[in-house]
Amino acid sequence: MRIGTFVLAAQFPGQGPGEALHRAVRSTEAAEESGLDSVWLAEHHFVPYGVCPSATTLAALLLGRTRRIRVGTAVSVLPNHHPVALAEQAALLHLTSGGRFSLGVGRGGPWVDLEVFGGGLDAYENGFPEALGLVLDWLREARVAGRGERFGFREVAVVPRADELLEGPADAVPGASGPEVVVACTSPKSVRLAARQTLPMLLGMHCGDEEKAEMVALWRTAAREAGHPPEVVEGAAHVSAGVAQIADGARDATEMLVKAMPGWLRQGLDAHVTVDGRHRVMRDPVAYTELLCGLHPVGPPQLAADRLAATAERTGITRFALLVEGTGDLAATEENVRRLGADVLPLLT
């Protein structure tokens, strides 16, 4: 079981962005000190839901401040990036960190980001497969040309090569020569796309075990149909996102989140603006918080461990990215991370 944190750099009501980013940095340092496996960094633009606009930039800072823990993006939104530029950054972080970087990519949403960064709605609706393919080519090949509908350019040399790492990390994927690439999957289409490339999935915190199990089953079917060998199909290291709040009692943990998270969710989700004016129905913040508390490791250590173990048994997923900043308070977040390492991890070994 590999337990990591999911960092949104959430700006709670009454806070500034500097406070949210400081909490993100400190929670990562605490995660390494507590023996956790990884930290996954979200990327958002123009909303207080999360104030980190560049997950790769924050990853570079955190990789420099740590020595053991894996740092990944969850996710870098491909329609907002040129795939070659993003792949160059991934190769750079992979090589300079000794292989501790994971590149998580996703399609994002139909937000105004597409207008600001010039990707346009088509990049969101149709362009993800081409962009992902170009990222993978850049991380795997010595020379790459752009031959798609959106990205066309002459063949150029890949510098630096992602496979030039002198010594790989202990948890490297067998046969992999560059940074791990993970795909955020929210639909059967994205699951099949990831499966064809045998890329592990990042599954959202809003999903329950049954839905995640169905997506894993679909991924395995699609990967087998694409001709991948059984050991590769069964060995895929998918990641399950969730929420964790450790307290002495289940009611105490739930109350801590229900008191703080709805205000952040209401402020953050309401700030999203669609690029084309389409109506988006946002979740009720209180109901959503209560849903998350019921799905994930929120409660005393034994309950948290039992829920993580149950998810692993039902889905086959043994990697977790857990939101630990749900109180919005730095000291409480650090204590939450500490208890995950000291009180929950030993129950999972």
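The values are calculated or read from the model by the stated rules, or taken from the named source; none is laboratory data. Fair warning: this is a prediction, and the values are worked out from it, not measured in the lab. Using ideal geometry, Cβ is built from the backbone for each residue, glycine included, and neighbour counts are taken over all protein chains shown. For the accessible areas, the whole protein counts, side chains as well, though only heavy atoms, and no ligand, DNA or RNA atoms are used. Shrake-Rupley method; radii C 1.70, N 1.55, O 1.52, S 1.80 Å.
Mind pulling the angle between the C-alpha long axis of helix 330-339 and the longest principal axis of the chain? Nearest 10 degrees, somewhere in 0 to 90.
Tilt of helix 330-339: around 90 degrees.
Listed highest first by mean packing, meaning other Cβ atoms within 10 Å per residue, what order do 283-290, 18-25, 224-231 come in?
18-25, 283-290, 224-231
How do the peptides 42-49, 126-133 rank, highest first, by the average count of neighbouring beta carbon atoms within 10 Å per residue?
My ranking of the peptides, most packed first, is 42-49, 126-133.
Using each residue's phi in region 237-246, evaluate 6.51 cos²θ - 1.76 cosθ + 1.60 at θ = phi - 60° and report the 3J(HN,Hα) Karplus result to the nearest Hz, with x for Gly and Pro.
Karplus values, whole Hz, x for Gly and Pro: 9, 5, 10, 9, 7, x, 10, 10, 9, 9.
Round to the nearest 10 and give me the degree value, 0 to 90, for the angle of helix 55-65's Cα axis relative to the longest principal axis of the chain.
Between helix and principal axis, roughly 70 degrees.
Report, by chain and number, residues whose modeled amide H sits under 5 Å from the one on V298, excluding near sequence neighbours (fewer than 5 apart, same chain).
For V298, whose amide H was placed from the backbone, the distant partners under 5 Å are Q245.
Enumerate the amide H contacts of G4 below 5 Å, restricted to partners 5 or more residues apart or on another chain; note that Pro and chain-start residues carry no placed amide H.
Correct list: D37, S38, F320, A321, L322.
Compute the acute angle (0 to 90°) between the alpha-carbon long axis of helix 301-315 and the principal axis of greatest extent of the alpha-carbon atoms of the chain; round to the nearest 10°.
40 degrees
Which of the peptides 214-221, 247-254 is most tightly packed, and how do the rest follow, judged by the mean count of other Cβ atoms within 10 Å per residue?
Listed from highest to lowest mean packing, they are 214-221, 247-254.
Based on a Kirkwood Rh over C-alpha pairs, give the Stokes-Einstein translational diffusion coefficient of region 59-108 at 37 °C and viscosity 0.692 mPa s in µm²/s.
Rounded, D is 296 µm²/s.
To the nearest 10 square angstrom, what accessible area does D171 show with a 1.4 Å probe?
Its heavy atoms expose roughly 60 Å² to the probe.
Between region 70-113 and region 188-213, how many Å separate their Cα centres?
18 Å
If you filter region 157-207 for GluC sites (Glu not before Pro), then keep DSSP loop positions with at most 13 other Cβ within 10 Å, what is left?
E167
Mind listing the phi-derived Karplus ³J(HN,Hα) values for region 85-99, rounded to whole Hz, using 6.51, -1.76 and 1.60 with θ = phi - 60°, and x for any glycine or proline?
Once θ is set to phi - 60°, the couplings for region 85-99 become 4, 5, 5, 4, 5, 5, 4, 4, 5, 4, 6, 7, 9, x, x Hz.
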